[in-house]
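What follows is calculated from the coordinates using simple rules that are stated; it is not laboratory data. The structure presented is a predicted model; accordingly, all values stated were derived computationally and were not measured. Virtual Cβ from ideal backbone geometry, glycine too; neighbours counted across all protein chains shown.
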Amino acid sequence: MAARRAARGCGARDLPAASVDAGVQAPADARLSLQPRGLQLPAELQHRLRSPGRPHGLLPASRRLRSLVQAQPAARYRDFLAQPELLAGARGAAGMMHGHTYRILFETEERHWWLSSRRKMVLDWIEQRYRGRTDLHILDVGCGTGLMLQEMQPYGMVEGVELSDEALEFCRQRGCRNVRKASAMALPFGDASFDVLTAVDILEHMDDDRGALQEWARVLKPGGRLFVFVPAHRWLWSLQDEISGHKRRYTARSLRRLVEAAGLRLERQSYVSTLLFPVIVLGRLWLKVYRRFKDVKTENDLHPAWSNGLLTRIFRAEIPFLRHANLPFGASLLSVTVKDGDGRGHLAGKALTEA
């Protein structure tokens, strides 16, 4: 059994030798630092953080990031439970997290309400289409620390690509060996190599999202499926999108046009996080106002750590509904597209539309 799992790409998880705080040292005088040591925010954000006016409460966001790195392990975990955007990454322009963030991701993603529920939704859609299959060849683009790879291994051979050396090392600690350092825009695989490709919160980081989809379609076999999870609605744009290195958010209509322009056929898509949508909307609107009058040192000021279990149950309650119907609105989008047998998808249709 162990040999078969190793052949498929992931084996038993190897626990990290270092402690949680290994390699994470707080500055001698935290007051002199606008951001955690080793965390390089985009230049524009750094400039705005230092500007006296700091019009949108950006300095409190910097304090939030710094406090998470300096906190003791238990406190740091509690803070991250309520902050999926920061677990999604303190990312630069390339959409790659920093080392200390990958460590926290590695240690918390199995139980974090957002990350675990998002993963379960994607896996449930895969299960609906491939129940009982063990012969699939699967690629996870932007595989992070490898938990998605590990959970897909019963379906066959799983491989992953990731830009971060730190993340790849955590993948190997999970027992996932079929991982490579590569860009999502230039996959090191031949045409028609995979039955399934997953990209969970990756597309929004791409400078050229259509080009990324075309590259992902290239490595899919005819009849292969692409599962994509992205943030929804431009009007929900917030500071966390900027910190995470997002380029955009999507609507059902814009994502459909994009995948069809890339030569893929949309099989199904649905909004998700519908049950939490009113809370998310009100929370983001409230924060825009609240930050003008008071610093928010951590998002625990508004989201207590005990809420993790409750949020998990609410978010996962959508999974049974998604097996039978699409949800009409939400803070994210889940999409599955197919590469048609001729490999051309809707390119011909797009050409007619543009003519």
- When the Karplus curve 6.51 cos²θ - 1.76 cosθ + 1.60 is applied with θ = phi - 60°, which whole-Hz ³J(HN,Hα) does each residue of segment 157-170 get, with x for Gly and Pro? 7, 10, 10, x, 10, 7, 7, 8, 5, 4, 5, 4, 5, 5
- Message: Counting other beta carbons within 10 Å of each residue's own, what order do Lys339, Lys181 fall into, fewest first?
- Response: Lys181, Lys339
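List the GluC sites (Glu not before Pro) within segment 131-186 that DSSP assigns to loop and that have no more than 10 neighbouring Cβ atoms inside 10 Å.
For GluC sites (Glu not before Pro) across segment 131-186 that sit outside H, G, I, E and B with at most 10 neighbouring Cβ atoms in 10 Å, the list is empty.
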- Task: Evaluate the relative contact order of segment 122-208 (contact order divided by residue number), counting alpha-carbon pairs under 8 angstrom at least 6 apart; express in whole percent.
- Result: 32 percent
- Task: Taking amide H positions as placed in the peptide plane 1.01 Å from N, state which residues far from Glu267 in sequence (5 or more) or on other chains have amide H under 5 Å from it.
- Result: Val336, Thr337, Val338
- Query: From the phi of every residue in segment 308-321, what ³J(HN,Hα) in whole Hz does the Karplus formula 6.51 cos²θ - 1.76 cosθ + 1.60 yield, where θ is phi - 60° and glycine or proline is x?
  - Reply: 4, x, 5, 5, 4, 5, 5, 5, 6, 5, 6, 4, x, 5
- Task: Starting from the amide H of Cys176, placed 1.01 Å from N in the peptide plane, find each other amide H under 5 Å away whose residue is 5 or more places distant or on another chain.
- Result: Gly11
- Task: Using a/c under 1.5 as the rounded threshold, could you call segment 199-266 rounded, prolate or oblate? The axes a ≥ b ≥ c are square roots of the C-alpha gyration tensor eigenvalues, and prolate needs a/b larger than b/c, oblate otherwise.
- Result: prolate
- Once phi is turned into θ = phi - 60°, what whole-Hz ³J(HN,Hα) does the Karplus curve with 6.51, -1.76 and 1.60 give for every residue of segment 132-142, x standing for Gly and Pro? x, 7, 10, 10, 7, 10, 10, 10, 10, 8, x
- Note on the structure: Amide H proximity to Tyr250 below 5 Å, modelled H, separation 5+ or other chain, gives Ala232, His233
